[in-house]
Each structure stands twice: as structure tokens, then as C-alpha cells.
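Data first, discussion second: the structure below is written as C-alpha cells.
The values are calculated or read from the model by the stated rules, or taken from the named source; none is laboratory data. All of these numbers come straight from a predicted model, not from anything done at the bench. We place every Cβ from the backbone using ideal geometry, glycine too, and count neighbours over all the protein chains shown.
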């Protein structure tokens, strides 16, 4: 019986084992079938899905846009990465207890670093974001339970924590703050990188340097940024993102190629002088617009170029490229062209006398008028040189009629031969006829001459010559007859090395004979010493040039004036040529008093900064009485400077960090450094009398944002000293 039972148990075990083997065989076959199906039948689909889920390809790597530099290597435009800071409150790694533990110290740290919000405001933003995420999750769960497909608008995944975009250094510091010093999946912090184009010198040379679109990929919109966009924007790279062990990592497939840098010819100091001088005169004359260009005589390098347009009453800003786009009649600055042509062709000499009378000359039914004809003064005869000094239209018109009335084509051809109508490729993007000079031939079928074109052309009408061409021509006179192209782009650079350097381009190696050139140079000097340019004359160095006043053609008539001055300095050894033009000023138009004054300010500024070889010594009897001007500010720094100058001073009786200064003790001739400026926490400090650096330090240290205007020392502040301090407020300080 026992044997039978044992045999039955064995049969049952074998039977069960057989069923298990059979079942496992079926499972094995099923697995094999699935493998075959997945690999061969559905293989392509699963591989593509896997690639999509684990690899994201063809993500662009933005290259660094090239920098733009001044002539001495200072930055005019550069790119800086900035970061917008957000928190994803839906992040699965955020632990509520950790957030609540650190929300207060985090808020305090944020308020100290970014004081435009208080610690309480930061805390509210964070807690509101957290509460919003809980409500959104609850709504999602309710929709799920109700079987609703209604989509919940999730806002808590992208809550902005800090208002301004911050730089990389601030970002790294932020990542050390409480709660944010965790991994991103635990803190939920998102840093969204943006690239901003910065101009360290603000609006200086803004129109020439240009600007770019907010979307970097669209490139430049104006100026050098647009002209050389293809060179400075670089070539994007390619990267893919792969999911490895639940984390995404970047894999660079094609490295980006950063854009080349541009080195310009612009000089920061000269540019600043030109902009300030022109701006002030435009405000004074309430003009519509203006331009000023400074060019280095020997090289053709443009050291300053400013184009200002009125945007509101008393306010001007960089707008149109006026130096190239003033396609108007130049007026009397063109008389120098007529003079050179006539002298070179032997039509006249500087000593030739021409009858002027009362300044009116009728020619074929049209009257040529001198600027002072209303005075009715009989000037009788004037020499050609005197006619240039006084800018007499009658003298120039009669001189050109005498030589070319029978063959006007010869006159126009000679002007073209000078090179001032040559089409030139400029460094800035232009439209249509901008940047070209238009001087018609008598037989031009598209725009034929009138019977009076010749005399009017001789003194700068019935032509279109932008300021840049007049500058180029006058520079040729200063450069011993060699006319060269003005240019702004000096070189293209890569990683600090020059890849392509631009050389001086000669337009005309010799404008005229040495004799003619000397005569023209002497006459241009006489315009400043004895003629319409007297206001431009400097007591420090000789200046040569010519004034210009032209009515502006408008809708078949004339409306307003374009006044200009073009010349060079020092006249005996020319270093710089400068053109200044002002369009539609209010008041009596004058090329000498309006643009001439701007020219003089620029010239004397450059001369005192860079052309004076030796400093002028003060008389010996005054040396001991010269006391340096000391601004209010840091006591420690003031002491260092005065000790270096070996200047005696009286220290304050009490220890002070910030002092008032420059009160002079009459008995000892010492500077008295007065006591503490009493800078208290919680109130707006008094920074009047301080220099810019100390004032900015004190105000920003107090938690204020500073808007700086002017130069020198602080004369006014928009928020009075002693007012209750509101951190994050903006205060404007005016310097003089």
C-alpha cells in the first residue's frame, strides 16, 4: 500500500513538472515571438520612439557675438549672458518642510542682494507660488476623479522670483543661498539664460556702433552691427540631449564658431567731445538736427562721428546717419571746390579783382545775391581771395562764368576728376542715394541743366554732396593734396589676433599742383583770420576752413537753412579735419557762429588733450598760492592724494569716514578737512560736493539705484538728503 501511494505521489509530481515545463515552454515561445516582433516587425518604430525619448538632437548652440572696440581697445559693444530666475513649485523634489524651514532666511538673503523688494515681499512671492502649486495639483486630482478632460492652466511651474535679469556672478552667489543651494530638482530653481548686448559707454557713438534685435538670431538692425552682421554673429553649433540614468546631459556634436571682433578707429575722448559740443549747440539753436565728424588727416581714420536728431523740445538723440544722409546742397563750403578748379585751370588767381557792387548780380533773369546784399553797401571790386574770405556769391559766380560759360562741361568734368563724386563703399549701411555725391553734367538727359545752373552750382547749389564727401575733400587739402577715404573699421580680430586689417585707401593722390594747393590753403586760413570764420579762430593754434550757409530745398521751394563749417587744425601742421553741420537752426543762420563754435570747441579740446607737446608752466609767483580743489568724500582716499601732492591740510577733530573739504585756512593756506558728513542708516545721504565714484558708492550702499547725469562733482540730487530711505528707489544725481 505504501509503495502504491509513493508511486502515485511520484506520478503527480512528474505530471505537475510536465505542466510547468509546458507552461514555461509556452512563455519562452511567447517571449521569442515578442522579441522577433519588437526587433524586426516593430523595430523601426521602437527605435525612433527610444531616440525621441532619450535623445533630443539638433539643438542650436548660440555662438558668442563679436565685440566692437574703440581705437585703444575699450569696449563699445559686447555681449553678456543674463539670467532670469524662476522656481518650479511643481518640482517633485521640493520638500514642504524644507521649504518652510528656509523660506525666511532665503527671503532675507534675497532682500539684501536685490533690495527692490523687502524680505516680507520675497517671502510672500515664494509662499504664494507654493500655495498656487498645491491648488493646481488639487484641481488636477479633482478632474481625474470626476473623469474630466478639462485642462488645468499650470502657472506655478514658472514663478519669477527676482525682478531683474542677473549676471553670471550673481547667479553663482544665488546658488549659495538657503534652500537654493540644493540640486535644482530639490529647489525647483530655473535659470533662463538670455544674451544682452551691452554698451559700456552708453549712447556714445550709438548710431555708428548700431544695435541688434532683441532676438539675437535676427542680428543687427543698424550701424556696424548691421553692416558686418555676418562677420560678428558667428556660426551656430549643434548639440543633442541624451537621457542617461534618468538625467539629461548635453552632447556637443558641432562646436559653435564665435563671431569676429571689430576694432574701430573711434576715439572715446574725441567722440565724447564731439557729441557734447554738438548737443549743446543744437539745444541752444533749437535746431532740427546736426552732425559732426572728426578725421585724422594722414590716415583717414574717423576719430568721432555723431548724428543727432531732435526727438522732443530740447532733447536730441542718435537717429539717422546724417553725415551720409544729408543729401542736400552744401552751400558755401563748395566754393573751395570751385576755387581749386579755377586756380588749377588758370581761369583766375587769388589777386584777380571782380566787380561786386552792392552784392546783386543778375544773370539770365535770375539774381545772384550775397548774404549781406540788404545792407546796400557798395563793395566795388573784390579780389578772389577777399571774395572767399567774405563768402561772396557774386565773386565766385563771375569767376566761374568767366572761365567756363562757353564750356561748362569742362568745369563739371574737372570736379569729377577730383574724385569727390566717386562712389565709395562706406562702413555703415545706407539706403538709396545716401552716401553718394551728385553733380550733374550739362547734357544729363535725366536731369537737364537750367540756363542758370552754372553760376548757382559754383557756390554750392544744384548739387547734392553729403558731409562725408566735403570732409574727405578738405582733408585732401590738409594732407598735401592727397585725398583719402574716411573710414571707421580698422580691423577684424579673432581671439585677440588681427585677421584682416584695413589700410588707407587713396581716392586721388594729387588734387592739384603744389602752387594751387598753397594758394587754397592760404585762403582757407584767411577765412578764419579775416573772414566769415573769425569766430572759429583760436588763440592757441591756427585753424583753416570755410563756412557754409545754404537754403534747404523742400517741395519745389526752400525751407530753412543748413549751416556748416569744414576745416582742419593746426593749420600749419594739420593733424585733424572736422566737419560740423546744423540743419534748420532757429535764428539768424551763421556757419561761423553756429557750427563754427562747435568746431572750435572740439578742436581746442583735442589740442589740449593730445596735441600739446609740453605743459604750460604757471608763473613762479603764483605757484605757492595754487590750492587743489578737493571734493567731499572718503577721508582715507583724500589723505592719500593730498600726501602724494605734498599738500598741507588740517584733519578733522573727530575720526571720520566721510568728510567735507576744500575750506581753506587763510593764515596757513592749508585745506581744512571738516568732520563727518553724518551718513545715517534709514535716511537718504547727502552726496552734494562728492565726486561720482564716492557718491555712487554711498548711495548704492544705502540700497538706492543711481542715475548719473553730467560730469564733475554732485551739485544736486533728486531725493533730498534726510528723507526716509526706501530701498530700491532710483535717485538721480546731477554733476557739473
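Figures for the structure shown
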| quantity | calculated |
| --- | --- |
| Residue 203 vs. criteria under 28 Å from residue 70 (Cα atoms), out of contact with any helix residue (DSSP H, G or I) (no Cβ under 7 Å at 6 or more places or on another chain) and assigned to a loop (DSSP other than H, G, I, E, B) | yes |
| Among the residues listed as 353, 325, the single one being assigned by TED's automatic domain parsing to the domain that holds residue 274 and over 30 Å from residue 211 (Cα atoms) | 353 |
| Total residues in segment 457-490, condition part of a strand (DSSP E or B) and under 15 Å from residue 428 (Cα atoms) | 3 |
| Qualifying positions in segment 385-407 - touching a strand residue (DSSP E or B) at 6+ places or on another chain (Cβ under 8 Å) and in contact (Cβ under 8 Å) with a residue 60 or more places away in the chain | 388, 390, 391, 393, 397, 399 |
| Single condition residue 521 does not satisfy, out of (1) assigned to a loop (DSSP other than H, G, I, E, B); (2) without any contact (Cβ under 8 Å) to a residue 60 or more places away in the chain; (3) in contact with a helix residue (DSSP H, G or I) (Cβ under 9 Å, 6 or more places away or on another chain) | (1) |
| Residues being under 22 Å from residue 116 (Cβ atoms), touching a helix residue (DSSP H, G or I) at 6+ places or on another chain (Cβ under 7 Å) and surrounded by fewer than 17 Cβ atoms within 10 Å (Cβ to Cβ) - total across segment 704-736 | 1 |
| Single unsatisfied condition, residue 568 versus (1) in a strand (DSSP E or B); (2) crowded, with 19+ Cβ neighbours inside 10 Å; (3) at pLDDT below 95 | (3) |
| Condition met for residue 367 (in contact with a strand residue (DSSP E or B) (Cβ under 8 Å, 6 or more places away or on another chain) and not in a loop (DSSP other than H, G, I, E, B)) | yes |
| Segment 163-178 residues that are modelled with pLDDT of 90 or more, paired with ones that are surrounded by 14 or more Cβ atoms within 10 Å (Cβ to Cβ) and in a helix (DSSP H, G or I) (beta carbon under 8 Å, 6 or more apart) | 177/106; 177/109; 177/110; 178/102; 178/106; 178/109 |
| Residue 505 vs. criteria without any contact (Cβ under 8 Å) to a residue 24 or more places away in the chain and surrounded by fewer than 17 Cβ atoms within 10 Å (Cβ to Cβ) | no |
| Residue count for segment 321-341, restricted to those that are surrounded by 17 or more Cβ atoms within 10 Å (Cβ to Cβ) and more than 16 Å from residue 473 (Cα to Cα) | 5 |
| Test: residue in segment 497-514 that is at pLDDT 95 or above and in a helix (DSSP H, G or I) | yes |
| Pick from segment 600-632, criterion at pLDDT 75 or above and outside any helix (DSSP H, G or I), ranking: surrounded by the fewest Cβ atoms within 10 Å (Cβ to Cβ) | 631 |
| Filter result (touching a residue at least 40 places away in the same chain (Cβ under 8 Å) and within 18 Å of residue 178 (Cα to Cα)) within segment 112-149 | 113, 114, 115, 117, 118, 129, 130 |
| Residues of segment 432-456 satisfying the condition of being touching a residue at least 40 places away in the same chain (Cβ under 8 Å), touching a helix residue (DSSP H, G or I) at 6+ places or on another chain (Cβ under 8 Å) and under 27 Å from residue 292 (Cα atoms) | 434, 435, 456 |
| Within segment 120-154, considering residues that are over 21 Å from residue 98 (Cα atoms) and in contact with a helix residue (DSSP H, G or I) (Cβ under 6 Å, 6 or more places away or on another chain), the one surrounded by the fewest Cβ atoms within 10 Å (Cβ to Cβ) | 150 |
| Answer from 364, 369 - the residue that is over 13 Å from residue 523 (Cβ atoms), surrounded by fewer than 24 Cβ atoms within 10 Å (Cβ to Cβ) and either free of Cβ contacts under 8 Å to residues at least 12 places away in the same chain or more than 46 Å from the chain's Cα centre (by Cα) (or both) | 364 |
| Residue list for segment 283-298, filter: surrounded by fewer than 24 Cβ atoms within 10 Å (Cβ to Cβ) and more than 19 Å from residue 544 (Cα to Cα) | 283, 284, 285, 286, 288, 289 |
| Hey, residue 61 under 30 Å from residue 225 (Cβ atoms) and surrounded by fewer than 17 Cβ atoms within 10 Å (Cβ to Cβ) or not | yes |
| Sole exception among (1) over 25 Å from residue 398 (Cβ atoms); (2) surrounded by 17 or more Cβ atoms within 10 Å (Cβ to Cβ); (3) modelled with pLDDT of 95 or more for residue 436, by number | (3) |
